[in-house]
Amino acid sequence: MRVFSDLNLNGQTPTRAQAGRGTWGPTGVPTTRWKKIQRIIVPIIVVGIAVALFFLGRMFYLLLTGS
């Protein structure tokens with residue numbers, strides 16, 4: 001079973017049929033490598049933000065209760 005789907009959205013279509021295609025490749029489109037990196041970075045950032053919010057809430061709770 002594959003963990004990731006195929007990130008090449010162009011498939012078998014010819015280059016002339018692909019929109020936004022420049023001389024050296026697609027223009028304004030993230031590379032497949034960057035998409036793979038984002039799939040790793042985004043969950044780490046989300047967990048980091050959740051942990052930071054938890055500790056911020058805990059800090060305010062402790063300040064308000066005087067513990």
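Of all residue pairs spaced 6 or more apart or on separate chains, those with beta-carbon atoms under 8 Å, a first member in the stretch 19-41 that is farther than 14 Å from S5 by Cα and a second member that is part of a helix (DSSP H, G or I) and at pLDDT below 85 are R21/T15. Within the stretch 18-34, being open to solvent by less than 80 Å² (accessible area, probe 1.4 Å) and modelled with pLDDT under 75 holds for Q18, G20, G22, G25, P26. Please determine whether any residue of the stretch 52-59 is charged (D, E, K, R) and modelled with pLDDT under 95. Looking for residues that are charged (D, E, K, R) and modelled with pLDDT under 95, one finds none in the stretch 52-59, hence no.
The values are calculated or read from the model by the stated rules, or taken from the named source; none is laboratory data. Just so it is clear, the model here is predicted, and its values are computed rather than measured. Cβ atoms come from the backbone with ideal geometry, glycine included; neighbour counts cover every protein chain shown. Side chains included, ligands, DNA and RNA excluded: accessible areas come from the protein's heavy atoms. Shrake-Rupley method; radii C 1.70, N 1.55, O 1.52, S 1.80 Å.
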